[in-house]
Amino acid sequence: MQYLLLFTVALLFCGLNCNARNGKNHVKISQNATEAEVIRVAANVTPSEEQLRWQKLEMTAFLHFGVNTFTDREWGAGTEDPKVFNPTELDTRQWVKACKEGGFKQVIITAKHHDGFCLWPTKYTEHSVKNSPWKAGKGDVVKEVADACHEAGIGFGVYLSPWDRNNSHYGDSPKYDEIFINWLTELLTNYGKVDEVWFDGACGEGPNGKKQVYNWEAYYKCIRKLAPHALIAISGPDVRWVGTESGYGRESEWSVLPLGAADQQKIGEASQSSVNIAPTLDYQKEDLGSRSKIKDAKGLIWYPAETDVSIRPGWFYHTKEDNEVKTPEKLLDIYFSSVGYNSVLLLNIPPDRRGLLQENDVKAIKGLKELLDKMYAVNYASNAKLSSDGINPKTITDHQMTTFWTTKEEKEAGTINITLPQIQKVDVLCLQENICIGQRIEKFHLEYKEGELWKIAGKGTTVGYKRLVRFAPVTAKEFRLVIEESRLNPTISELGLYKLPIVTAK
Ligand code: FUL
């Protein structure tokens, strides 16, 4: 209880500034805390500076590339001859240009997939580009991707599969851990800034039939030391797998989650700025952070969702899938169900055997960008008259996350009235909370006025960084956003009313 009181008092003085590394992205809860106290704490858990930067990226690209690209497989056995790796026109600037033009703000390359083949000339295995004919063994794909990202001013991340089907020490725990840390060290020291380290959860048998017991803590420690600003994703403490590879996340997506009981001690002792561990969760559950899920929590953590999906059926390039590239319309639907569900979209666009992003994929991501640009071109609420029973309604269309509408006193519900300059047909609502303060909204709906009647256009539960709601088109001049339930005072930093450029699946 004493801790809780101290924490609450500290919050009052911490202010609303997200820029400082505030250490509020994880908190312990005292054993005898009441449900109301837990909710108060939950409402004030906020992202670290790095998590906030990452969330604002919205769309990031995954590049699965390696020996599988040449052997036409999804999971290489680790026995392939490095000589198969021979892209004829590799051009990482083409990859990065296409991704950037498609609206992607960061790229993650599979530096090593489960086959163990390293895309950089590591000193710690022979299964790498250094033994391939590509550039006579003098090439370094990781360097070329890192340089292209840094030149283009977009984020750069590495996927490094802990599972290794080639390395003879895999399964021989301490020795393999040492090799793995050597790989991490090379990746985090020789390629400039690394923004995300992506650890796959897959853990199978190695060449000797043994499974490795990973020393996660040692891996995290190495990353925190060499790349303190890099986020550790998926099998890591900073970013969580959404629980599906379909591209469709969950509608009620909380970024504040309970810690697993066994993790309490460690989380409390080690902040996310040093070594840390993730909560123990079943990632596939429909809801991970509502009141019933956190009421008995012994601690809470800011642990946002990343939605990974491939633009093709497979993760690696296969010629036979050239005509199965997702259409811009499908990608837009995925965007609504990932970015629009308070998650970051990680879309895989695999380079082909030439070492280029295939034309169909480039066209598809360009098409997605065009659809998004068309939709976001006009926010019909931007010149609206805004009023409310709360504070600062006019800030909700100023494009600034740190200015926001909220309620007076301790009110957990409120209404914003939106009168458009003229009657307008809309079918998308975009909401953003000021997550620098916390994620709070639990239930909302949008109403429009038809004659003298107020009718419901669309509704939802959580908002978080971004929530998009599609609804059957309504033509009206007067709207009102009703926040029905919230953890403490709700906030809205941005609100948009848009018209879809196409009919999407929902
Ligand atoms: C999975 C892997 O097994 C797939 O090959 C792919 O890399 C995907 C992103 O993660 O666990």
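The values are calculated or read from the model by the stated rules, or taken from the named source; none is laboratory data. Owing to the predicted nature of the structure, the values given are computational and were not obtained by experimental measurement. Every residue, glycine among them, receives a Cβ derived from its backbone with ideal geometry; neighbour counts consider all protein chains shown. For accessibility, only protein heavy atoms count, side chains too; no ligands or nucleic acids. Shrake-Rupley method; radii C 1.70, N 1.55, O 1.52, S 1.80 Å.
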Stokes-Einstein at 37 °C, 0.692 mPa s, Kirkwood radius from Cα pairs: D for region 87-167 in µm² s⁻¹? 247 µm²/s
Between Asp322 and Leu453, what length comes free when the chain is fully extended (0.36 nm per residue of separation minus the Cα-Cα distance, one decimal in nm)? 42.1 nm
Cα point-scatterer Debye curve for region 339-407, base-10 log of I(q)/I(0) at q = 0.23, 0.29 Å⁻¹: -1.09, -1.23
Ignoring everything except DSSP H segments at least 4 long, calculate the 222 nm mean residue ellipticity for the chain; use -39,500 (n - 2.57) per segment, divide by total residues, nearest 500. -7000 deg cm²/dmol
Can you bin every Cα-Cα distance in region 323-466 into 10 Å intervals starting at zero and give me the percent of pairs per bin, rounded to whole numbers? 9, 32, 31, 17, 8, 2, 0
Accessible area (Å², per residue) of the chain, counting only protein heavy atoms and a probe of 1.4 Å: 39 Å²
PRE reach from Ile502 (point 7 Å along Cα→Cβ): which of region 90-110 fall under 20 Å by backbone N? 98-104
How many Å³ per residue does the convex hull of the Cα positions in region 385-498 occupy? 88 Å³
To the nearest 20 debye, what charge dipole does region 118-200 have about its Cα centre, counting +1 at the Cβ of each Lys and Arg and -1 at the Cβ of each Asp and Glu? 320 debye
Work out the length of the dipole vector of the chain about its Cα centre, built from +1 on the beta-carbon of each Lys and Arg and -1 on the beta-carbon of each Asp and Glu, and round it to the nearest 20 debye. 700 debye
Under the Karplus relation with 6.51, -1.76 and 1.60 and θ = phi - 60°, whole-Hz ³J(HN,Hα) for region 385-394, x at Gly and Pro, equal 7, 10, 9, 6, 8, x, 10, 6, x, 5
Once the dipole of the chain is set up with Lys and Arg at +1 and Asp and Glu at -1 on Cβ about the Cα centre, which of Val482, Ile109, Val96 lies farthest towards its positive end? Val482
Tell me, how many Å apart are the Cα centres for region 100-142 and for region 436-493? 46 Å
Karplus couplings for region 112-118 from phi (6.51 cos²θ - 1.76 cosθ + 1.60, θ = phi - 60°), rounded to Hz, Gly and Pro as x? 8, 9, 4, 6, x, 6, 8
Sorted by packing (mean other beta-carbon atoms within 10 Å per residue), highest first, where do 200-213, 145-158 land? 145-158, 200-213
Nearest-0.05 FRET efficiency for Thr79 and Ala152, computed from C-beta distance (R0 30 Å): 0.25
Heads up, region 127-232 by the C-alpha gyration tensor (a ≥ b ≥ c square roots of eigenvalues; a/c under 1.5 rounded, else a/b over b/c prolate, else oblate) looks oblate
Quick numbers on the chain, Rg and Dmax over C-alpha atoms in Å, give 23.7, 76
Rounded to the nearest Å, what's the spacing between the alpha carbon centres of region 309-333 and region 174-193? Just the number, please. 32 Å
Would you please give the residues with an amide H less than 5 Å from that of Phe62, counting only those at least 5 places away or on a separate chain, with H modeled from the backbone geometry? Ile108, Leu347, Asn348, Ile349
Applied in sequence order to region 338-351, the curve 6.51 cos²θ - 1.76 cosθ + 1.60 (Karplus, θ = phi - 60°) yields integer Hz couplings, x standing for Gly and Pro, of 10, 4, x, 10, 6, 9, 9, 8, 10, 9, 7, 10, x, x
Calculate what fraction, in whole %, of the accessible area of the chain sits on carbon and sulfur atoms when a 1.4 Å probe is rolled over the protein chains. 52 percent
Residue span Thr88 to His445: 0.36 nm per residue of separation minus Cα-Cα distance leaves a gain in nm of 123.1 nm
Compute the signed sum of charges (Lys and Arg +1, Asp and Glu -1) over the other residues within less than 13 Å, Cβ to Cβ, of Asn86. 0
